[in-house]
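S.K.: Below you will find the structure I want to go over with you.
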Amino acid sequence: MSITQQHLLDVYRAQQHGEPAPPAPGTHDRQVVREWREERRFRAVLSGRPAHGRTRIRLTLSRWLRPRRGFTT
């Protein structure tokens, strides 16, 4: 059974019992990831490591994705 089928079954059962429908799958994914990231940053600060923001991630990704100039094959 797929996650969509399970959700539809849960919605049907909730309607039969007069209860509110459960949230759709993936509704709160962004919030969960955001809270997880903040928790990691908080624990990094508590352990004495610097908490790096998005700029460091972007810099690293740009280094990986951008080809080097002057590199010949």
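S.K.: Among the residues of the range 58-73 satisfying the criterion of being at pLDDT 70 or above and open to solvent by 90 Å² or more (accessible area, probe 1.4 Å), which is nearest to ARG34 (Cα to Cα)?
M.R.: ARG58
S.K.: Here is a follow-up. Among all residue pairs at least 6 apart or on different chains, which show Cβ distances below 8 Å where the first residue, located in the range 1-16, is within 18 Å of THR27 (Cα to Cα) and without any contact (Cβ under 8 Å) to a residue 60 or more places away in the chain and the second is part of a helix (DSSP H, G or I) and not hydroxyl-bearing (Ser, Thr, Tyr)?
M.R.: Qualifying pairs under 8 Å: none.
S.K.: Another one. Do you know which of the residues in the range 32-57 that are of a type in the set (Val, Ile, Thr) and at pLDDT 75 or above is least open to solvent (accessible area, probe 1.4 Å)?
M.R.: Filtering the range 32-57 for residues that are of a type in the set (Val, Ile, Thr) and at pLDDT 75 or above, the one least open to solvent (accessible area, probe 1.4 Å) comes out as VAL33.
S.K.: Would you be able to tell me the number of residues in the range 1-31 that are of a type in the set (A, V, I, L, M) and open to solvent by 90 Å² or more (accessible area, probe 1.4 Å)?
M.R.: The total comes to 3.
The values are calculated or read from the model by the stated rules, or taken from the named source; none is laboratory data. Everything numeric in this text was worked out from a predicted model, so none of it was measured. Cβ: placed from backbone, ideal geometry, glycine included. Neighbour counts: every protein chain shown. Ligands, DNA and RNA are stripped out before the accessible areas are found, and what is left, the full protein with its side chains, is counted by its heavy atoms. Shrake-Rupley method; radii C 1.70, N 1.55, O 1.52, S 1.80 Å.
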